[in-house]
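This report refers to the structure that appears directly beneath it.
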Amino acid sequence: MKIEYGVQIEPQFGYSYDHISEVAQAAEKHGFESLWASDHFLIRPEAQDVDCLEAWTVLTAVAAQTKKLRVGAMVTSQSYRNPVLHAKIAASVDNISNGRVYFGIGAGWKEVEYNAYDIQFPPAWKRVKQLDEALTIARKVWTEPVADFQGKYYKVNECVSMPKPVQDPLPICVGGMGNQILKITAKHADMIN
């Protein structure tokens, strides 16, 4: 059995892109398989002097600057981005990287970020159900010429989303805890964090 090692970076701790780029270059040089970035918008409200780069922007830049290193979010909140937009971002970065993306996604938990960015923060059970629908939509827009989905929380109406990911299927990592997250992982994903 071959064991692969990755590096996780936490942009909300104030890392500059120059630092993250150096880490990515070193990880690739030394044979690490992947670089993961957490998806947070701030470390805490009172930390007004701490920069926090957006995860998918960082991953796109790292993908463009490396040749072998896989990139992924550990993990993005399903409710921070519209599910179709989120799937399109992942497909775009998969194309930019020539098939080196992991799609990391979870139900979301950091209420202070939701409040600061005026994103609704429903109860945990509802965020988990939204995660299930978001993953259904992602798979549809990645694989179907025209995606249509009418869920309880999210809808897609005759959606064309090109380009499709290079990887078929694009690997999915679900983040979270509990029986419902395990069921969603078994239904949609390749791995869990």
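The values are calculated or read from the model by the stated rules, or taken from the named source; none is laboratory data. Just so you know, these numbers come straight off a predicted model, no measurement behind them. Counting neighbours? That spans all protein chains shown, and the Cβs are built from the backbone with ideal geometry, glycine included. In case anyone asks, the SASA skips ligands and DNA or RNA and just uses the protein heavy atoms, side chains included. Shrake-Rupley method; radii C 1.70, N 1.55, O 1.52, S 1.80 Å.
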*So how exposed is Tyr5, as accessible area in Å² (1.4 Å probe, rounded to 10)?*
140 Å²
_Treating segment 40-131 as a set of equal point scatterers at the Cα positions, no solvent, please give the Debye-formula log₁₀ I(q)/I(0) at q = 0.24, 0.26 Å⁻¹._
-1.20, -1.29
*Where Trp36, Trp109 fall by accessible area, highest first, once all protein chains stay in place (1.4 Å)*: Trp109, Trp36
*asked:* About the Cα centre, and with charges only on the beta carbon of Lys, Arg (+1) and Asp, Glu (-1), how big is the dipole of the chain? Nearest 20 debye, please.
replied: 700 debye
*With every protein chain left in place, what is the accessible area per residue of segment 144-193 in square angstrom, probe 1.4 Å?*
63 Å²
_Quarter of Cα convex hull surface for segment 72-119, i.e. mean projection, nm²_ = 3.4 nm²
*asked:* Less than 9 Å Cβ to Cβ from Ser34, Lys/Arg counted +1 and Asp/Glu -1: what total charge do the surrounding residues give?
replied: 0
*Search the structure for amide H atoms under 5 Å from the amide H of Ala37, placed 1.01 Å from N in the peptide plane, and list their residues when 5 or more places away or on another chain.*
Ile9, Gly72, Ala73, Met74
*How would Lys164, Lys129 line up by accessible area, probe 1.4 Å, largest first?*
Lys129, Lys164
_Which of Tyr102, Ile184, Ala37, positive extreme of dipole for the chain (C-beta unit charges)_ = Ile184
*asked:* With a 1.4 Å probe and all protein chains kept in place, how much accessible area does Ser92 have, in Å² rounded to the nearest 10?
replied: 40 Å²
*Pairs of Cα atoms under 8 Å, at least six residues apart: use those to get the relative contact order of the chain, whole percent.*
18 percent
_Histogram of C-alpha separations across segment 101-188, 5 Å bin width, %_ = 3, 13, 21, 21, 21, 14, 7, 0
*Give me the accessible area of Cys159, 1.4 Å probe, in Å² rounded to the nearest 10.*
30 Å²
_Lysine pairs in the chain with Cα atoms under 20 Å, if 8 or more residues apart or on separate chains_ = 27
*Using the Kirkwood formula over every pair of different C-alpha atoms, what hydrodynamic radius in Å results for the chain?*
17.1 Å
